[in-house]
Structures are given as structure tokens and as C-alpha cells.
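These notes are about the structure you will find just below.
Please treat every number below as a calculation from the coordinates, not as lab data. Bear in mind that the values here come from a model prediction, so they are computed numbers and not experimental data. With ideal geometry, Cβ positions are generated from the backbone for all residues, glycine too; neighbour counts draw on all protein chains shown.
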Amino acid sequence: MKIISIETKKVDLELLEPFRVSLGLITSLSTVLVRIKTEDGYVGYGESAPLSFVTGETVDSVISAINLMSKTLIGMDSACIEKIHETMNRTFRENNVAKAGIDIAIYDILAKRANLPLYKYLGGSKNSFELDKTISMETPEKMAKLALKVKSEGFNIVKVKLGERPKKDIARIKAIREAIGSDMTIRIDANQGWTKIEAIKIINAIEKYDIEVIEQPLKYWDLEGHSLVREKVMIPLMADESLFSPMDAIKIIKEKAFDSFNIKLMKSAGLHNAIKISSIGEAAGYQCMVGCMGESLIGISAGASFIAGRTNVPFGDTDSIFHMAQPSAITGGFTVTNGVVTMSNEPGLGIEVEWDKL
């Protein structure tokens, strides 16, 4: 069961159109795919998708980090996921995106060896869940049209990127709600774009538009500020950029800064820590969302497996596959119909990868 090889491959993902958030304009994305082989004949696939202004990593740094970690990981027992993470952590303090690619590939192998789809290996809470679809930060008029398009595609939940001045952001939500009507759920992601005063003003002004949750209104480091905002508003707050590790989860709970967690495998160094964060949240009464950066079908299948596997992860935000052209050499994982994800029952991630055609 020893690891005999770890390979990486850079893949450029073409965005269907530029995507704007408060942190910047995203016009192109590249990802790193990982393939791990073991001596007993199993092959696992993972993904490391950096978004530098969130994770601090790049494609080049990810590849270098994986190559360095591989020197100590090759020869290790692939069943020992805790030891694998201990070894990676001794090599790098952070570099969570690089670690995530290795972690996901190992979990793919572990589930295949157990002859289980990964979502069942992770707990098997459900085999389907509802997904949101995110719209870019644009003018109120354009965002209303984008939200209507999401509705026409069968989705019941739209996630809205905000993070500018109060007047603009309030106008955006007003236009969207008036366009889509009252029967569709709205989630908001401010991506750290507001000050405390702006957040309180905006959130209280848009409460009448029936908002489910607001992600990360303030800077990632300002837990005290989030706690203050939380006391002044009724719409629940969700941690995103403030949450990378299980230790972050404990700090958030102690500070009473948020009401729920957005777990991203690229932030948490993969599934191993995501499980820990979810368990900490569950013990404290926090529900979780699983989001994404700019992953291909490999990383998204891992995130979807985690959502389906865990009881306290009812919120699905693994929608990057709808915003970029997917490599034809990667297939499977799950199906999506009218915004509902149904998991594959094939072992592991349930995907097929033609590695040499990537």
C-alpha cells in the first residue's frame, strides 16, 4: 500500500467570461492536478487550485511544494492519512493548496480500496444536495439579468458577490430580488469588502429582501469586528477567508464572530482538516457550507463528496464548473439537474481521467 509516485500537471482553465469580486477581477485560472500511484495498483487523483489573493499560493509555488513534499511521502503507507499530514506539516507550515492536492488523491485511493464512493467513505449522509450558482459583481441591472438567468437554468439559490459602497450594494440586492421574485433564495458574499459601519448599514437595509446568509463582510483578521456586526444585524454571518484551519474554527467560536462556516478544501489542506472543522462546528451548533476556488471536476467532485458525506454540511457552493470550460479528459463524479447534485456510486471520486490528454 506504499506510495510509489506523485505526479503533477498544470492545466489552464478557460473562464466563460470574466468574474468580478471585491478582491479583484478574475480573467483566467490555472490549476494543478495530482496523480498518486500505490504499490498495490491503485491510482488517486487530486487537485491544487490556488487563488493567490486568498491563499497566497501560485501554480508554480504549488508544484514546487508538492515536488518537495513528495521526497518524503514516496514510500509511506497510503492508508496512514494522519501521518501523511504530519509529514507535510513538518515540511511546510502553510502551503495548504499544495497539501490539498495530495490529500484529495489519497482519499480517492482510500475510498477505492474500500470499494466505496468517496461520499460514503466520508459518512454517506446523503447522495444528493442542492447547489447555488454565483453571479459576478456588476451593475444592478446586469446582476438582475444574471440572477434571472440562474433561475431559468433551474437553480433555486443564487449567490451574489458584493463588497462595494452601501448605495451600490443595496441597489444590487433590490434589483435582484425584484427580478427573481420571492421564491428564490439569495446568499451574499462580500469577500471582505465592507467596513464595520458599512456592513451594519447594508445588512440592516437589505434584511427586507429575505437574505439567507452573508459571507465574510469584513477583513479576514477582524474577528472582533465581525462579532460587533453580528450583534447589530439579524441576517446570519458565515466565515470564509477567516477560516482555514481547525484552530481558526475554535477562535471563531470563542469570539462569537460568525454563525456558520464556509469550508474550502483548498484553504483547509484537503478533506482531513475539513472533517475536523466540520466536527468542531457540529459540536458548537454551526452548520457548514463547502465552497470552491477555481477547481476542475476533480476538486469539485471532492468537495461535493464532502457535502454529501456530512450531516452538518447542508449548503453546497461548489459551482466553479459552471463558470469555466472543463477539460474533456475528465469525466464523471456527479450529475446536476435543476441545481440538484446527485453523486456517482463509482468507487472513490467516481471520475475518469485521461492523464496523457490533459
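Couple of notes before you dig in:
- Net charge of neighbours whose Cβ lies under 15 Å from the Cβ of Lys208, counting Lys and Arg as +1 and Asp and Glu as -1: -1
- Within the shell defined by Cβ-Cβ distances under 15 Å, the residues around Val11 carry a net charge of -4, with Lys and Arg each +1 and Asp and Glu each -1.
- Whole-Å distance, taken between Cα centres, linking the range 140-196 and the range 95-126: 34
- FRET efficiency for the Lys2 to Ser64 pair, using the beta carbon distance and R₀ = 22 Å, is estimated at 0.40.
- Residue-averaged [θ]222 nm for the chain, counting only DSSP H segments that reach four residues, each worth -39500 (n - 2.57): -12000 deg cm²/dmol
- Phi angles across the range 253-262 convert, under the Karplus curve 6.51 cos²θ - 1.76 cosθ + 1.60 with θ = phi - 60°, into 3J(HN,Hα) values of 5, 4, 7, 6, 8, 9, 9, 7, 10, 10 Hz, Gly and Pro given as x.
- Given R0 = 35 Å, the distance between the Cβ atoms of Val43 and Lys232 translates into a calculated FRET efficiency of 0.10.
- In order along the range 29-45, phi translates into HN-Hα couplings of 9, 10, 9, 10, 8, 10, 10, 10, 10, 10, 5, 8, x, 8, 10, x, 10 Hz, rounded to whole numbers, per the Karplus curve 6.51 cos²θ - 1.76 cosθ + 1.60 with θ = phi - 60° and x for Gly and Pro.
- When DSSP beta bridges are restricted to pairs lying wholly in the chain, around 55% turn out antiparallel.
- Computed about its Cα centre, the charge dipole of the range 3-115 is approximately 160 debye, with only Lys, Arg, Asp and Glu carrying charge at their Cβ.
- Overall form of the range 120-195 per C-alpha gyration tensor (a/c, 1.5; a/b vs b/c): oblate
- Cα shape, the range 3-115, gyration tensor, a/c 1.5 rule: prolate
- Proximity of backbone amide H atoms, modeled 1.01 Å from N, is registered between Arg310 and Ser125 at under 5 Å, excluding neighbours fewer than 5 places apart on the same chain.
- Model label points for Glu86 and Leu148, set 7 angstrom from Cα along the Cα-to-Cβ axis, are 5.9 nm apart.
- Coupling constants for the range 172-178 follow from the phi torsions by the Karplus curve (6.51 cos²θ - 1.76 cosθ + 1.60, θ = phi - 60°), and in residue order they are 4, 5, 4, 5, 5, 5, 5 Hz; glycine and proline get x.
- Computed over neighbours whose Cβ is under 9 Å from that of Gly316, the net charge equals -4, Lys and Arg +1, Asp and Glu -1.
- 20 Å Cα-Cα reach of Lys251 towards lysines, excluding residues that sit fewer than 8 places from it in its own chain: Lys196, Lys219, Lys264, Lys267, Lys276
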